[in-house]
1. For the pair SER209 and VAL36, what calculated FRET efficiency results from E = 1/(1 + (r/R0)^6), where r is the Cβ-Cβ distance and R0 = 56 Å, to the nearest 0.05?
2. So if each residue of separation counts as 0.36 nm, and I subtract the Cα-Cα distance between GLU305 and ALA330, what length gain in nm does that give?
3. Give me the distance in nm between label points sitting 7 Å out from Cα along the Cα-to-Cβ direction at LEU350 and LEU158, one decimal.
4. Order these by the 10 Å Cβ neighbour count, fewest first: ILE201, ILE217.
5. Anyone know which of ASP60, ASP291, ASP102 comes out most mobile in the 10 Å Cα GNM of the chain?
6. Under a crude label model (7 Å from the Cα following the beta-carbon direction), how far is ARG322 from ASP114 in nanometres?
7. Looking at region 15-109, what % of its DSSP beta bridges pair antiparallel, to the nearest 5?
8. For HIS39, what is the net charge nearby, where nearby means another residue's Cβ is under 15 Å from its Cβ and Lys, Arg count +1, Asp, Glu -1?
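Please treat every number below as a calculation from the coordinates, not as lab data. No experiment lies behind these values; they were computed from the predicted model shown. All Cβ positions, even for glycine, are placed from backbone atoms using ideal geometry, and neighbour counts span all protein chains on display.
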Amino acid sequence: MEKPQLSPQPTTYRFSFGPWNISEGADPFGPNVRDVFAHGRKFGLYRSLGFEGVQLHDDDAVPDIDSFTAPQVAAKAKELGQVLRDEGLQPEFVAPRLWFPDATIDGAFTSNSDGDRQYAWDRTQRAVDVARAMGCKTIGFWFAREGTYVREAKSAKLAYERLLAAINRTLAYDPEIQVWIEPKPNEPMDMAYVPTAGHAIALAYASESPSRVKVIIESAHALLANLDPSDEMAFCLAHDKLGSIHLNDQNGLKYDQDKNFGSVNLRGAFNQVIVLEEGGYGRRGEFVGLDVKTMRTQRGVPVTEHLASSRRIFLDLVDKARSLDRVRVAEYRGKRDYEGLELYTLEHLLGRK
Ligand code: XLS
Ligand code: MG
């Protein structure tokens, strides 16, 4: 019975988050509860928190991006690129925020409106310009509004064809750019067109340049699809298509909670860490990305405990994964004694074995 192979040398993990993870606590039912912490000051917090990767929306890099020309956008992005370098930070990806503007209210690439689809493409080109001006070669596509409130609103087959065409146009616009698709089954739409790793990887293989299309798996998004995040990550790793991860947690099928990693299901988090360890994730510079939101009740300006806690729990679970007795696990598997394996796993997590 072969033993799962851990990487020859322990991986030293690097961490990333997006500035939207430091927020003022507004939610659909209430306003800000904390004073604003200036966007530009957030980058100064990263290294002291143990993070060196910055996930960016295009308008995190260039606020009010739509009000500038392409050369102005590139120049502003270049400035931020220098700010990040001065802070010892690296941009991980740039995601066009194709879910805020009016032109994306009914989808960006899958909108029924020609003008909306043109806007989406124009905005995507600017996002690629931003990435390249910062020395970043990755575009993140969270197809937030590529879906419907009512199924009859759009032709689903045409929607998938349009999403593939958008991916191909992006790949053609810059021959070095990579496209990382972040699946999510719903919210803000009632139903979204790219809900799982399977959908994302199918688009990758159908694209003009499959090796340049990868996936970002978010724990909560997999859980909202009623799937196991560790399996979604393992599926991507099996295809060498796990570009990044958004670790967090989710307490059941409801709105996207972006809870701290491991805060609802510690064993589920442990399984994600084991998959990443065994898959050698991070050995080629991939970041352990977080996408976490602090509780609205948390006081402080800025609140960063949720970032520090999620990073801490990840590292604690790495220690647990590395101290797991692999010979004992192989024996349980060999005997098909999964009762024994489960008890051992739980007692290991409890610090008793
Ligand atoms: C959804 C996305 C979102 C970022 C990246 O979870 O990850 O948090 O905006 O596009
Ligand atoms: Mg996310």
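1. On the way: r = 41 Å, r/R0 = 0.73.
Between VAL36 and SER209 the formula returns 0.85.
2. Working: separation 25, 0.36 × 25 = 9.00 nm, distance 3.76 nm.
The span from GLU305 to ALA330 would gain 5.2 nm if fully extended.
3. 5.8
4. Ascending number of Cβ neighbours within 10 Å: ILE201, ILE217.
5. Most flexible of the set in this elastic network: ASP102.
6. Using points 7 Å along Cα→Cβ, the separation is 5.9 nm.
7. Details: 1 of 9 bridges.
Bridges in region 15-109 that DSSP calls antiparallel: roughly 10 percent.
8. Details: positive: ARG34, ARG41, LYS42, LYS76, ARG97; negative: GLU24, ASP35, ASP58, ASP59, ASP60, ASP64, GLU79, GLU87.
Taking every Cβ under 15 Å from that of HIS39, the sum is -3.
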